[in-house]
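Colleague: I'd like to ask some things about the structure below.
The values are calculated or read from the model by the stated rules, or taken from the named source; none is laboratory data. Note that the structure is predicted; figures quoted are calculated from it, not measured. A quick note on method: Cβ atoms are made from the backbone with ideal geometry, for glycine too, and the neighbour counts reach across all protein chains shown.
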Amino acid sequence: MAVIAPYEITGAKTANISLTYQGKTYTASMPVVATTPALFTANTSGTGQAAALNQNLSANSAANPAKPGSTIVLYATGAGYTSGPVDGQPAPTTCGTSCIPVPQLPVYVKIGSQCVTPTYAGGAPSLVAGVMQVNAQIPATIIPGTVQVQILMGGSCLSFGYPSQAGVTIAVSQ
């Protein structure tokens, strides 16, 4: 199960969630924070191979690694407030990037031990609001193999405020 936090909870310390299933209602109170980035993973566990695309839009994997210097496409959630919020609606596909929600906090990508500024970070066209697409160039000097990757929200490459979860990787060839 997944939920999308509406903008109406801005500034709240907690949000109440209600789920009705087979006639029974379940409730919970959850803490609210400004941003909690998390990368999607191929096995949906939150660790291991990222649910990432190579530059040619094929799935990144050990059998299909990305080349150093190429662009990788990552998908994340928890970016926090964006320009042009569209609660629960798909990101538009007909306006280029002019009307796609963009995070208000700066976004960086840590690939291995190197930090890069993404070439794009914003709503993933045609996917529900709350899914962020991040395109980043893999450093040419990266050591090939299974490489750790994280999204960093806020701050700078040297001092970021909110990292995504550890233990997520991409495959990089020689």
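Colleague: Give the range 39-91 a look and list any residue that's at pLDDT below 95 and surrounded by 17 or more Cβ atoms within 10 Å (Cβ to Cβ), or say none.
Modeller: THR77, GLY78, ALA79, GLY80, THR82, VAL86, ALA91 - these are the residues of the range 39-91 that are at pLDDT below 95 and surrounded by 17 or more Cβ atoms within 10 Å (Cβ to Cβ).
Colleague: Could you list all residues from the range 147-161 that are over 13 Å from ALA136 (Cβ atoms) and under 12 Å from the mean Cα position of the chain (by Cα)?
Modeller: Hit for the range 147-161 is MET153, nothing else.
Colleague: Quick one: what pairs do we get from the range 112-141, first residue free of Cβ contacts under 8 Å to residues at least 12 places away in the same chain, second surrounded by fewer than 20 Cβ atoms within 10 Å (Cβ to Cβ), C-beta under 6 Å, 6+ apart or different chains?
Modeller: Pairs found: none.
Colleague: In addition: Taking the residues in the range 117-145 that are of a type in the set (Val, Ile, Thr), surrounded by 14 or more Cβ atoms within 10 Å (Cβ to Cβ) and at pLDDT 85 or above as candidates, determine which candidate is farthest from VAL107 (Cα to Cα).
Modeller: We begin by selecting, within the range 117-145, every residue of a type in the set (Val, Ile, Thr); these are 117, 119, 128, 131, 134, 138, 141-143.
If we keep only those that are surrounded by 14 or more Cβ atoms within 10 Å (Cβ to Cβ) too, we end up with 128, 131, 134, 138, 142.
Still in the running and at pLDDT 85 or above: 131, 134, 138, 142.
On the way: VAL131: 14, VAL134: 9, ILE138: 15, ILE142: 20 Å.
My answer is ILE142.
Colleague: Please specify each residue of the range 112-133 satisfying the condition of being in a strand (DSSP E or B), of a type in the set (A, V, I, L, M, F, W, C) and farther than 15 Å from ALA52 by Cβ.
Modeller: CYS115, VAL128
Colleague: Could you list all residues from the range 134-174 that are closer than 15 Å to ASN54 by Cβ, part of a strand (DSSP E or B) and aliphatic (A, V, I, L, M)?
Modeller: Answer for the range 134-174, where residues must be closer than 15 Å to ASN54 by Cβ, part of a strand (DSSP E or B) and aliphatic (A, V, I, L, M): VAL134, ALA136, VAL147, VAL149, ILE170, ALA171, VAL172.
Colleague: Any residue that is under 14 Å from the mean Cα position of the chain (by Cα), in a loop (DSSP other than H, G, I, E, B) and closer than 30 Å to THR146 by Cβ - is there at least one of those in the range 2-11?
Modeller: Looking through the range 2-11, none of the residues is under 14 Å from the mean Cα position of the chain (by Cα), in a loop (DSSP other than H, G, I, E, B) and closer than 30 Å to THR146 by Cβ.
Colleague: Just to be sure I understand the filter: pairs with C-beta atoms under 7 Å, separated by 6 or more residues or on different chains, first member in the range 145-171 and more than 16 Å from PHE40 (Cα to Cα) and small (Gly, Ala, Ser), second member outside any loop (DSSP other than H, G, I, E, B) and at pLDDT 95 or above. Which pairs pass?
Modeller: Taking only residues 6 or more apart or on different chains, the pairs are GLY145/VAL172.
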